[in-house]
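The values are calculated or read from the model by the stated rules, or taken from the named source; none is laboratory data. Note that the structure is predicted; figures quoted are calculated from it, not measured. Using ideal geometry, Cβ is built from the backbone for each residue, glycine included, and neighbour counts are taken over all protein chains shown.
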């Protein structure tokens, strides 16, 4: 009696998205970001270009979804109650746990930044995504620390993200220098300066 195939996980749509993202990365790994056209990704995935558009609004959306799969996983949720120092300490610990994988992202990350910088529409798309991130983080920070902040909450969100990205890039370039203690110290200093 033939055995039945193992059940597939997720919806058909989620499996299609995952296959497209996997195909995207195969193209990028072999030929770089500029080569990851919708046609090339669809062909690599064995799907039509329409399959991409039914799952992603644009090439920029596909690229950002793909970057999210390979990027550092950092929790930017500041809704959990606590002092700003406590919240930034939690964030810093999460960042420090993620940083050991940063050196493995260096090639594609450098190519991604260059690709974004040379594509105005993609750059605008990424900027809009960050604007939404800063707004969400700022709203959470404002809701908890409104009267004690020394700067607008949106600017604090920008500072948190910029410090995290700077430490991630530094971990790529000199991983031994970016210790957990250094990360915790950096965010403790930010917390002290951000509250009255």
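Within the set of pairs 6+ apart or on separate chains, which have a first residue in the range 107-131 that is in the same structural domain as residue 166 (by TED's automatic domain parsing) and more than 19 Å from residue 29 (Cβ to Cβ), a second that is modelled with pLDDT under 90 and not in a helix (DSSP H, G or I), and C-beta atoms under 8 Å apart?
Close Cβ pairs (under 8 Å, with a partner that is modelled with pLDDT under 90 and not in a helix (DSSP H, G or I)) amount to 125/58.
Could we say that residue 143 is buried (at least 16 other Cβ atoms within 10 Å of the Cβ) and more than 14 Å from the chain's Cα centre (by Cα) here?
Working: buried (at least 16 other Cβ atoms within 10 Å of the Cβ): no; more than 14 Å from the chain's Cα centre (by Cα): yes.
No: the conditions fail for residue 143.
Might you check whether a residue that is within 30 Å of residue 59 (Cβ to Cβ) and touching a residue at least 60 places away in the same chain (Cβ under 8 Å) occurs anywhere in the range 175-189?
First, pick out the residues of the range 175-189 that are within 30 Å of residue 59 (Cβ to Cβ): none.
Within the range 175-189, none of the residues are within 30 Å of residue 59 (Cβ to Cβ) and touching a residue at least 60 places away in the same chain (Cβ under 8 Å).
Limited to the range 54-94, what total is found for residues that are surrounded by 15 or more Cβ atoms within 10 Å (Cβ to Cβ) and not in a helix (DSSP H, G or I)?
7
Take the range 60-103 and flag every residue that is touching a residue at least 40 places away in the same chain (Cβ under 8 Å) and either within 18 Å of residue 22 (Cβ to Cβ) or out of contact with any helix residue (DSSP H, G or I) (no Cβ under 9 Å at 6 or more places or on another chain) (or both).
Selection gives 61, 62, 63, 64, 65, 66, 67, 69, 70.
Look at the range 95-125 and say how many of its residues are part of a loop (DSSP other than H, G, I, E, B) and either modelled with pLDDT of 95 or more or surrounded by fewer than 16 Cβ atoms within 10 Å (Cβ to Cβ) (or both). Walk me through how you get there before you give the answer.
Looking only at the range 95-125, we keep the residues that are part of a loop (DSSP other than H, G, I, E, B), and these are 118-119.
Filter again for either modelled with pLDDT of 95 or more or surrounded by fewer than 16 Cβ atoms within 10 Å (Cβ to Cβ) (or both), leaving 118.
Adding up the residues that qualify gives 1.
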